[in-house]
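The values are calculated or read from the model by the stated rules, or taken from the named source; none is laboratory data. All values reported here derive from a predicted model rather than from experimental measurement. Neighbour counts are summed over all protein chains in view; Cβ atoms, including those assigned to glycine, are modelled from backbone coordinates with ideal geometry. To get the accessible areas, we keep the full protein, side chains included, count just its heavy atoms, and leave off ligands, DNA and RNA. Shrake-Rupley method; radii C 1.70, N 1.55, O 1.52, S 1.80 Å.
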Amino acid sequence: MRRRRRGNRKLLYALQISWIVLAITATIVIITQSSKWFGNGDSTEVNAEGTIGNNGEPNGSTDQDSSGDIHTGTPTPEVTITPTVSPEGSGNEAGDDGTGQVGTPSITPGVGENEGSTNPGETTPPEDNGDSSASIGDSDRVIDPEKPMVALTFDDGPYPPVTKKILETLEKNDARATFFVMGNRMDTYGETAKMVHDAGNQIGNHSYSHKDLTKLDKKGIEHEVDYSNELINEVADVGNAFLRPPYGAKSEKVSQYVKVPMIAWCVDTLDWKSRDKNAVFEEVKKSVSDGAIILMHDLYPSTADAIELVVPWLIEQGYQVVTVEEMFKAKGIELEAGKIYYNAK
């Protein structure tokens, strides 16, 4: 009997030790797997399909979720997701509306550097004075209406590494351009937008988050356009900025609810596609003419490099490099709210 009791006790001890070993092993496995599951938050990678890496550079296509919003997954300094620009002309084009205009892909780069941002609560938008001017140019600039002129335009920015380099080239050649900026970039890159404006360039509105306005209702259109304009005015006093609708897409509904002139383009440099300064330069030389509006994007370093070739060449050919507003005013063309313009001819 005693031997049986001793045997039972040994068996009980063995079982207890086994359970303790299993518990310790399970704890180690859980800790190991947890580190793999949650990581350290610094593993954003760039793949061939174009996700955005830690360097914040534009790199290809974007992803669209079930709500129709576009995201790159790149965090802003406030650890929120930066909405990105949906691909124009890549499978979901705005289409040819009889003018031959279709959209071009463009990508919003993620936050790549710690630029000073503005606090929307510190300033308030200016009162609506009914004047649809997008920017006040230099008071001493003289535009000769008898000489040919072109308007260089840049979409989807600002993006400091590229935008600032473009500004340097414009200033060096006493040229000006129009930058159609994104409202959702003002909090992060507002200082660069202000720099654009202060240098005498025109700032236009490219909507808040680059949604196709033709697919939105009245409330959606007004949010994309009016809210974006408010944010732009918090960093630069531009009034009612001209609108470049995303994808260049328009409809009767859009024209009804947009309260400013809309600016499209007649020369597409395809800078988003080639990413090559010489290819961009050749597109300009091939297609430019008096009154042309030229489309580019201040997202790609190759575009900034191309501008160093384009601007001096245009001037050598006798063109005045002006803002959209300057060109239409010099040619005596009065712009109407809700109407879209492809050139100043």
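Straight-line reach only, C-alpha to C-alpha below 19 angstrom: list the lysines that residue 165 could link to, leaving out same-chain residues fewer than 8 apart.
194, 277
How much of residue 25 can a 1.4 Å solvent probe reach, expressed as accessible area in Å² and rounded to 10?
Accessible area, nearest 10 Å²: 70 Å².
Please compute the contact order of region 189-345 in relative form: average sequence separation of alpha-carbon pairs under 8 Å and at least six residues apart, divided by the residue count, as a percent.
Values: 230 pairs, mean separation 36.8, N = 157.
Across region 189-345, relative contact order equals 23 percent.
On a full-extension model of 0.36 nm per residue, what is the gain between residue 173 and residue 317, subtracting their alpha-carbon distance, rounded to one decimal in nm?
50.5 nm
For residue 285 and residue 255, compute 0.36 nm times the residue count separating them, minus their Cα-Cα distance, and round to one decimal in nm.
7.5 nm
Ranked highest first by average number of other Cβ atoms within 10 Å, how do 243-249, 197-203, 329-335 line up?
243-249, 197-203, 329-335
For residue 169, tell me the accessible area in Å² from a 1.4 Å probe, rounded to the nearest 10.
Accessible area, nearest 10 Å²: 10 Å².
Roughly how many Å² of residue 142 are accessible to a 1.4 Å probe, to the nearest 10?
130
How would region 171-278 be classified by its alpha-carbon gyration tensor: rounded, prolate or oblate, with rounded meaning a/c under 1.5 and the a/b versus b/c comparison settling the rest?
oblate
Rounded, prolate or oblate, given the Cα gyration tensor of region 242-344, with a/c below 1.5 counting as rounded? Don't jump to the answer; show the numbers that get you there.
Working: a/c = 2.68, a/b = 1.50, b/c = 1.78.
Oblate.
Using a 1.4 angstrom probe on the protein heavy atoms only, line up 268, 217, 140 by accessible area, largest first.
Ranked from most to least accessible, the order is 140, 217, 268.
Pull up all non-local amide H partners of residue 149: gap of 5 or more, or a different chain, and H-to-H distance under 5 Å with H placed in the peptide plane.
Here 291, 320 satisfy the definition.
Please compare each pair in 211/273; 164/211; 219/331; 164/253 to a cut-off of 32 Å on the Cα-Cα distance and tell me which ones are over it.
Check vs 32 Å cut-off fails for 219/331; 164/253.
Sorted by accessible area (1.4 Å probe), largest first, how do 24, 315, 221 line up?
Order by accessible area, largest first: 24, 315, 221.
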